[in-house]
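Coordinate-derived values only; no laboratory data. Source: prediction; values computed, not measured. Every residue, glycine as well, gets a Cβ built from its backbone with ideal geometry; the counts of neighbours run over all protein chains shown.
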């Protein structure tokens, strides 16, 4: 795809979160599925089967996400009174519509996450990308009764050409950037969309699969980071917690998400929020600055 031209408008550097808080925390649960016949790229065995063979072990590992892992993680956050940001594949909406509808009705934010985890935008044509966006949106709306406001791509991977499509398809925000700390507005001619950057430090998959760290280290890393941030000059930031149902949605690790949620809930200086709430807050800030 050709490189897309767009304009950026940064928000006021004096932006703070509600009640002048500085740190927003978002709990992102990866509610993912893969295309039929395609498996998760990671699994507990580590060694990939040769010659592109279908791996039933990796397939079973990934299937756990929607059937057991995400329900457990959602229950944990609900017990702590925290709304989850559910990054939801179109395939999930297609195959588990009742469960998705229930999560939405219980106050969790349903965010579009592409049709399937293997359908990463750089591997798709422009026509395939547009179809993925529209089909995912339609399936989620059909399951929940509500059109999703935000989009986070598989692998948090899209470029301006795709982000223009998000804007054209009516999305208010996307989370496919990691190049800033605060949200900024993207303008593609008449279309515009708020880019809300992701922070990358607290993600269970690389933590466990790439670096071999423990759930306890996950909790301690978050605790240490909060302490360290507070020793620095104050900044307005977003901290993202990522949990995948097939990784930290399992009993031996899900307790780590519970401990982080409890730590956050006990701290009134933190704004426990969703990206759509961040987008709404930024819209109000822009309105007052105009």
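Based on the Cβ-Cβ distance of residue 127 and residue 48, what FRET efficiency does E = 1/(1 + (r/R0)^6) give at R0 = 30 Å, to the nearest 0.05?
Details: r = 30 Å, r/R0 = 1.01.
Plugging the Cβ-Cβ distance into 1/(1 + (r/R0)^6) gives 0.50.
Determine the relative contact order of the range 71-114: mean sequence separation of Cα pairs under 8 Å and six or more apart, normalised by residue count, in whole percent.
Numbers: 34 pairs, mean separation 21.1, N = 44.
Here the relative contact order equals 48 percent.
Exposure proxy check: 244, 10, 68 ranked by fewest other beta carbons within 10 Å?
On the way: 244 28, 10 11, 68 15.
Result, fewest neighbours first: 10, 68, 244.
Mean separation of Cα pairs under 8 Å and 6+ residues apart, divided by the residue count of the chain: what relative contact order is that in percent? Walk me through the numbers on the way to the answer.
Details: 520 pairs, mean separation 83.6, N = 290.
Relative CO of the chain lands at 29 percent.
Where a ≥ b ≥ c are the square roots of the eigenvalues of the C-alpha gyration tensor, would you call the range 91-206 rounded, which needs a/c under 1.5, or, failing that, prolate if a/b is larger than b/c, or oblate?
Verdict is rounded for the range 91-206.
For the range 1-69, what does the alpha-carbon gyration tensor say about shape, rounded, prolate or oblate, given a ≥ b ≥ c as the root eigenvalues, a/c under 1.5 as rounded, and a/b over b/c as prolate?
On the way: a/c = 3.75, a/b = 1.88, b/c = 2.00.
Verdict is oblate for the range 1-69.
Mind computing the radius of gyration and Dmax over the alpha-carbon atoms of the range 137-271? Å is fine for both.
17.2, 49
Which ordering of 127, 259, 235, 32 is given by a fewest-first count of other beta-carbon atoms within 10 Å? Present the calculation step by step, with values, prior to reporting the outcome.
Working: 127 8, 259 18, 235 11, 32 24.
Least crowded to most crowded, the residues run 127, 235, 259, 32.
At 0.36 nm per residue, and after removing the present C-alpha to C-alpha distance, how many nm does the segment from residue 78 to residue 235 gain when stretched out fully?
Value of the extension gain: 53.6 nm.
Per the helix-only calculation at 222 nm, which mean residue ellipticity applies to the chain, given -39500 (n - 2.57) for every DSSP H run of n ≥ 4 and division by its residues, nearest 500 deg cm²/dmol?
Taking each H run of at least 4 residues, the total per residue is -11500 deg cm²/dmol.
Using a 7 Å offset from the Cα along the Cα-to-Cβ direction at both residue 106 and residue 289, what is the distance between the two label points in nm, to one decimal?
Result: 3.7 nm between the two label points.
Does the chain come out rounded, prolate or oblate by the C-alpha gyration tensor, with a ≥ b ≥ c the root eigenvalues, rounded set by a/c under 1.5 and, if not, prolate when a/b is larger than b/c and oblate if not? Numbers along the way, then the final one.
Numbers: a/c = 1.58, a/b = 1.10, b/c = 1.43.
Oblate, because a/c is 1.5 or more while a/b does not exceed b/c.
Post the alpha-carbon centroid distance, the range 210-262 to the range 132-179, in whole angstrom.
If you average the Cα positions of each part, the centres end up 26 Å apart.
Would you kindly work out the equivalent ellipsoid of the range 13-131 from its C-alpha gyration tensor and give its semi-axes, the square roots of five times the eigenvalues, largest first in whole Å? Spell out each step's value before the answer.
Values: eigenvalues 178, 70, 48 Å².
In descending order, the three semi-axes are 30, 19, 15 Å.
Using Cα pairs closer than 8 Å and at least 6 residues apart in sequence, work out the relative contact order for the range 1-117, in percent.
Numbers: 123 pairs, mean separation 35.6, N = 117.
So the answer I get is 30 percent.
If neighbour count is taken as other Cβ atoms inside 10 Å, put 95, 123, 144 in order from fewest to most. Intermediate values should be presented prior to the final figure.
Values: 95 15, 123 10, 144 19.
In order of increasing Cβ crowding within 10 Å: 123, 95, 144.
Please identify which residues in the range 31-75 have an amide N closer than 16 Å to a label point set 7 Å out from the Cα of residue 98, following the Cα→Cβ vector.
Residues 67-68, 71 fall inside that zone.
For residue 38, put the label point 7 Å out on the Cα→Cβ axis and report which residues of the range 91-129 keep their amide N under 19 Å from it.
Counting backbone N atoms under 19 Å from the label point, the list is 91-96, 112-129.
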